[in-house]
């Protein structure tokens, strides 16, 4: 009995497979064309920059989520990291602390939260969903206690440098927020897709036990993933507080579900349905374009949420069909 | 042969093909009513496929199945159940948080008269009575499945199967997770069942047990049945001979061991739970076999050697240097390599490419300031693929799509890539068909000829006899016997595996 | 040996002890805490949460407790909000109440059926499928109500909100009736046993001849029924519908559902445990209010609760055999 070679599927993808894989990209293009046709303002550079600015924070948070999901977990407390960073930074700024220090402190707060999560998940062994759910509850409570019920903290006369982060325009037109998001995107792309550390994190996320036996430092990388997540979400919080001149408690919650959605839309791009940086970008862009476009053509604002849900459904179904073909 | 012994099952000339592989090649299998009939064969011989066809999970490409008086071209699980055949699988298909009573009566729960509400109390009593009467086992009906021992859970599984009043029970490797004492209980149950007129098909690769419990045994090799023997009238050597098909010299590649100095010294190693006081030495260029039934501690030993579990006592010395606290990271750094028994779960990242898997443990070698140098990585893996003759369309192929044998080569390739010196091979040829097995054996020889030391854990007697220089037999957590392979026989290995008494001499 | 028995005892009764301690604590700090009137008050306050959690529990029981791949219904909060909005709108337009309830039930069941089909027949992960559904339904609800409050003034609704039978608020009666129903169905009937089997081990269920897909779908439909009743209760409490309920309540539902396992000797999500869990949440909120501690502390306590429950579960699972 001889052994023959394998496969077939991985060599020449069928049209159906191509459709599935590039479905999200295709959808994106279709959506853009759709809105471009329906609204003349859509394709104006000002509007496009608007979109970029609007998705900046979501992109940053989604990249945080991508890392954690790649590592095999999930982080329901990304919104809290975002809020904590804003809380710390704004409170320090209010106390007239030198703004770069406030910024760093904010980021550190997020990283610390990530580290706490990692202790619960990696050291004690609580499942990521429940551990970060607990952190979420506690974080929300801390914010409420701190602000005595949920009042935002406003900053009058914010330090110029800090304000620039949220409201500045490079060369007079390019939103600084978008630039930061772009830089973060680049960093994550390089880290996850191009370094050996990203490779290891991915392996651990796929099969922890196999990675362990391969000699990878599993706990080290898992901890790293959560700390990175907290740190990155914190960056989102810095941007948010800078652009709003304030710390608004519990604003992070808005980004949680959207980021999960974006990451999973992104998995459809990958032939193995794994979370990936570029896919997440696509997911975020889809959401952003949707929201913007619907606005422009005057459709009821609330359809935005329905559209988001529909998008995620489509992504999931594509993914399911993808898996079936493979099985 | 009496006129009255009818055949309860006849599988005739079954052919089953999978992409690239013919799993069954006109295999036949006949079982007489009321007997206990064993089915043996090496990994990849087709036992599992044959039984899956009987269970209706696969459909044969050719051949027919006669059950009782009716003949079928193919079966479905539902049909098979209606025809009175029940299967006791290796996996425990039980709900962990159900009670014994709930598990046994699942699907046919006892209710109060007139109401659709479950009468838990009477169900519990009924379950306990049922266990006592049909199996002679006493268990409390309220006990949760997850609180049972593996053997007790198996009893519950059997009880559940019996609820359907089957004419035939098929046991698939039932003793794999059992301790010796529990095996005795299982055999008692099987004798009882036989006395009640139920036919038993018993699949196992523990030839010792086949000899003890079966009336007849059918041997499969290369997808075909090569003989049906009366166990009383045969010997282990004969069975092994049929399983392997050639003399051992023909099956296994020639070896010329050149044994060097000691590289790994184990002294009084133990975890005080599953294995105790283990001492042995591994030399360069040597293949050391370790065998034993499950419960012998060999699995725990390997896991501890690799640092997956902590040890309580003893020393591990590598090139004379002691290992203080061991974990897989340190083990790998020091040159150990593990090829785990569950290849797809623990051996490979199945969704990664060949390339990524081969480089996984040595990523530092293909990186520059943390960045992966793709070209270098690809070159290294291409070399390995060539060197090991791994059949794959490209190094970027996802490993999931490779056959078992080639997957295993990828695992070995990963370790060769990181220049490991000590290989722990845990049942390396499970689930690999015969052709690929030979290649794995050749690989092992290459490893040792380059100076590596290999520990081969296996329960396949032919493999142990053909590939090792020495064999350590473990029993109940200790090394009970050490053989020079030259002077070992299948019979003696088996005998020592079960504690030292040979049972093939008369029944 | 003694230590093991102590640990076992704590794990088995720890949740009850914690509940008892909390009750004692508050009754010491506030004389009116443990009065029947206040207890009924608490039950009224958690009725919505408890009923919705019965629905979530059905899904978890039918789908297994693995949080990524197991049964969960993130859309239940959104569905109950939609039910509230639909009922409020239709009743305030004068439609007959029984018809309105029927329509609401049908809407909820259709949504859950969609969830079930996605999950059972297409193989989508429950976490993701119901997440997408949550977005969609949230959005639809907002579209429907334009993010505005819809007030309702109907004798039926008022009866539920304020009515009492033998001194017991109608809402509590509804809660207890629903509790009895779900408890019976899920824990005392063959159907319930089969749902649990499918959740505990689909393979075991399959080999026992159970229609696995049917029971999975059924568990989602049960959630739909619970969502409908819960939505009705919200309508009564608020005398109308308010946007934004679904987000807040979802976390509480998840909490009450998973906490229920700590009240069960089998460490499985179960209906009585859900009632106790919801009760515990209510006790905390009510108790803190009575002793004048701001309620945002409750949130933190809830978080600690989740962590406690989950640590205990993780530890227990690590110690378990097989």
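Read the figures in this text as sums done on the coordinates, not as results from a lab. These numbers come from a predicted model, not from an experiment. Heads up, the Cβs are rebuilt from the backbone with ideal geometry, glycines too, and the neighbour counts pull from every protein chain shown.
Volume of the convex hull of the range B:7-248 (Cα atoms only), normalised per residue: 139 Å³.
Under the simplified labelling scheme, the residue C:162-residue B:69 pair shows an inter-label distance of 7.9 nm, with each label point 7 Å from Cα along Cα→Cβ.
Listed by Cβ neighbour count within 10 Å, with the fewest neighbours leading, B:324, B:52, B:437 appear as B:324, B:52, B:437. From largest to smallest, the equivalent ellipsoid semi-axes obtained for the protein assembly as shown from the alpha-carbon gyration tensor read 54, 39, 28 Å. For chain A, a Gaussian network of Cα nodes joined below 10 Å ranks A:135, A:70, A:219 by mean-square fluctuation, and the top entry is A:219. Take the Cβ atoms of residue B:184 and residue B:215, set R0 to 25 Å, and the FRET efficiency comes out at 0.85. Each of C:203, B:42 was scored by other Cβ atoms within 10 Å of its Cβ. Listed from fewest to most, they are C:203, B:42. Pairs of Cα atoms nearer than 8 Å and 6+ residues apart set the relative contact order; for chain C it is 31 percent.
List the relative contact order of the range A:45-251 as a percent without decimals, with contacts defined as Cα pairs under 8 Å and 6+ residues apart.
So the answer I get is 44 percent.
By its C-alpha gyration tensor, with a ≥ b ≥ c as the square roots of the eigenvalues, how is the range A:9-153 shaped: rounded for a/c under 1.5, else prolate for a/b larger than b/c, else oblate? Oblate, since a/c reaches 1.5 and b/c is not below a/b.
Using the count of nearby Cβ atoms within 10 Å as a rough guide to exposure, how do B:380, B:113, C:12 rank from fewest to most?
B:113, C:12, B:380
In terms of the Cα gyration tensor, with a ≥ b ≥ c the square roots of its eigenvalues, is chain C rounded because a/c is under 1.5, prolate because a/b exceeds b/c, or oblate? Note, shape of chain C comes out oblate.
A simple spin-label model places the labels of residue A:124 and residue C:3 2.0 nm from each other, with each point 7 Å out along Cα-to-Cβ.
Beta bridges from DSSP with both residues in the protein assembly as shown: antiparallel share about 60 percent, rounded to the nearest 5. For chain A, the square roots a ≥ b ≥ c of the C-alpha gyration tensor eigenvalues yield an a/c of 1.5 or more together with a/b not exceeding b/c, which makes the shape oblate.
Each of residue B:82 and residue B:330 was given a label point 7 Å from its Cα along the Cα-to-Cβ line. The distance between the two points is 6.2 nm. Based on C-alpha pairs under 8 angstrom that are at least 6 apart in sequence, chain B has a relative contact order of 15 percent.
Computed over chain B, the range of Cα coordinates on each principal axis works out to 75, 50, 47 Å, biggest value leading.
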